[in-house]
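Structure, as structure tokens:
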Amino acid sequence: GAFHAKERSMTASPLFAEGETLWSPHVRANPFPLYKRMREEFPVARITDPQLGMHFWLLTRYEDVLSIVRDPRFTQDPTRLPEEVRQRFFGHKLRSLSRHLLTVDPPDHTRMRSLVSKAFTPRRIEELRPRITAICSELLEGLMAHGSGGDFLKLFAFPLPVIVIAELLGIPPEDRDRFREWTQAFFAPPSKDAQEKTREAHQLFFKYLGEIFEQRRQQPRDDLISALIAVQEQGDRLSGEELTSMVFLLLVGGYETTGNLLGNGLLALLQHPDELQRLREDHSLIPSAVEEMLRYCGPFELSILRFAKEELELHGQRIQAHEAVRVNYLAADRDAEQFSEPDRFDVGRTPNKHVGFGHGIHFCLGAPLARLEASIAIELLLERLPEMRLATAPEKLAWRPSAQARGVVSLPLAF
Ligand code: HEM
């Protein structure tokens, strides 16, 4: 039945120990015991962001994830919020980069998603297979040249998605490195320091994209930016602001996520030698192994913010109008109500209806691309690195302080 989370927290022991937060290093390293308690005792947990003193409500049960993302009582569109709320949560973001799929509700979302899907087609993605294989191969050689102790993240997992999406969009290779900084600013928690940096990064990015658009308008090429411009010009239904924001989202949305999926997934394999061996012996398991990585150690932990349009109640907890709610995809993917032996890493798991790519109308647009990159990368790693192992003790690995892009700071490998 529905419990009143706040009432219980007064009698039962509190969710967090003194001074502990969702971002404490030991929680980052292993959030799963906390998430289990949340699912069982605090299905609607009040989380305070320690830096800004803002709070949001966090939902961790699988069935709640499915229902919240399709609940019309919530909005993802900041322009529908009172000015004060919008400033507090989004004041550091540049409006011209903020009108994309994740910040609009239907019917705007329906219109934009159908336009973008015309350019970002499964066929266009599948055509990339040979090129992605070549990029992976090249990166692997660079990694192996480092001998013992090469950082898999820096030398392979992060460069891969950047090169792929930059080529797909038609961004010149010499400009790629600048994205890392811009992307990090995008994912930074909205602390006071980060706000200034984020705004600056956004402004540079915006200016940069403006120049690229101008070039492609004059001389269209066979790239995704030209295709999006064509979609815009034919239909006249994607505004300039929406176009810039969409390209921005495509650039930043697949970068940290895909990089961390590869890092977390490889780490999981190395920590489960039997599963690694099983995969080595049967490469047809690679697609299901990728799905299991998305479930067991997915990089997109907390969803983006969703705001209550009106006062409402969830599991007996009152949510005020304009309060923020987030779902926790990683916690939902360990829910024993949905998955048998949820804490087991099983590269052959079926069924596996994980929510690592989200759910509903905002389901990840880049999922086919991320899946393709991950399966090609893993296949090559298995083939070329028969002796790969961690070059450090797993408990020495440091986890990044972000719950938006879950991953380790570095992943040293030996071959
Ligand atoms: C949306 C995860 C890779 C583009 C999402 C959402 C999740 C997600 C969870 C929904 C967010 C929410 O509603 O709270 C991931 C993961 C990835 C990945 C785990 C890699 C392993 C990519 C790539 C791209 C991409 C490679 C594009 C190149 C997008 C876009 C949306 C989205 C455009 C918004 C879709 C919409 O609102 O209609 N992703 N993503 N993602 N993702 Fe990904």
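The values are calculated or read from the model by the stated rules, or taken from the named source; none is laboratory data. Quick caveat, the model's predicted, so the values are computed rather than measured. All Cβ positions, glycine included, derive from the backbone under ideal geometry; neighbour counts span all protein chains shown. Quick note on the areas: whole protein, heavy atoms, side chains included, nothing else; ligands and nucleic acids left out. Shrake-Rupley method; radii C 1.70, N 1.55, O 1.52, S 1.80 Å.
In the structure displayed, which of LYS93/LYS309; LYS154/LYS396; LYS353/LYS396; LYS36/LYS396; LYS36/LYS93 lie more than 26 Å apart, Cα to Cα? Numbers along the way, then the final one.
Values: LYS93/LYS309 21 Å; LYS154/LYS396 18 Å; LYS353/LYS396 32 Å; LYS36/LYS396 24 Å; LYS36/LYS93 33 Å.
The answer is LYS353/LYS396; LYS36/LYS93.
Considering only LEU250, PHE89, PHE158, whose Cα is most displaced toward the positive end of the charge dipole of the chain, charges sitting on Cβ of Lys, Arg (+1) and Asp, Glu (-1)?
PHE89
What does the net charge come to around ARG344 if you take all other residues with beta carbon closer than 15 Å to its beta carbon, with K and R at +1 and D and E at -1?
Once positives and negatives cancel, what remains is -4.
Please give me the summed charge of the neighbours of LEU169: other residues whose Cβ is under 12 Å from its Cβ, Lys and Arg +1, Asp and Glu -1.
In short, 0.
Rolling a 1.4 angstrom probe over the protein heavy atoms, how many square angstrom per residue are accessible across segment 5-414? Walk me through the numbers before you get to the answer.
Details: 18040 Å² over 410 residues.
Computed with neighbouring chains in place, this is 44 Å² per residue.
Hey, got the dipole for the chain? About the Cα centre, +1 on K and R Cβ, -1 on D and E Cβ, debye to the nearest 20?
The calculation lands at about 560 debye.
Per DSSP H run of at least 4 residues, take -39500 (n - 2.57); add these up for the chain, divide by its residues and hand me the 222 nm value, nearest 500 deg cm²/dmol.
Estimated from H runs of four or more residues: -15000 deg cm²/dmol.
For SER67 and GLU181 in the same chain, what is the full-extension length gain: residue separation times 0.36 nm, less their Cα-Cα distance, in nm?
Full extension of this stretch gives 37.5 nm more.
Toward the positive end of the charge dipole of segment 5-414, about the Cα centre and with charges on Cβ (Lys, Arg +1; Asp, Glu -1), which of ILE319, GLN404, LEU34 goes farthest?
About the Cα centre, the residue reaching furthest to the positive side is ILE319.
At 1.4 Å probe size, with the rest of the protein present, what percent of the exposed accessible area of the chain is carbon and sulfur atoms?
52 percent
Over what distance in Å are the Cα centres of segment 143-180 and segment 57-117 separated?
Measuring centre to centre over Cα atoms gives 30 Å.
Find the percent of Cα-Cα distances in the chain that exceed 31 Å, and round it to a whole number.
Cα-Cα pairs of the chain separated by over 31 Å account for 39 percent.
For segment 104-174, what ratio Rg/Rh do Cα atoms give with a Kirkwood hydrodynamic radius? Present the calculation step by step, with values, prior to reporting the outcome.
Numbers: Rg = 16.5 Å, Rh = 14.4 Å.
When Rh is taken as the Kirkwood radius, the ratio is 1.15.
For LEU249, what is the net charge nearby, where nearby means another residue's Cβ is under 11 Å from its Cβ and Lys, Arg count +1, Asp, Glu -1?
0
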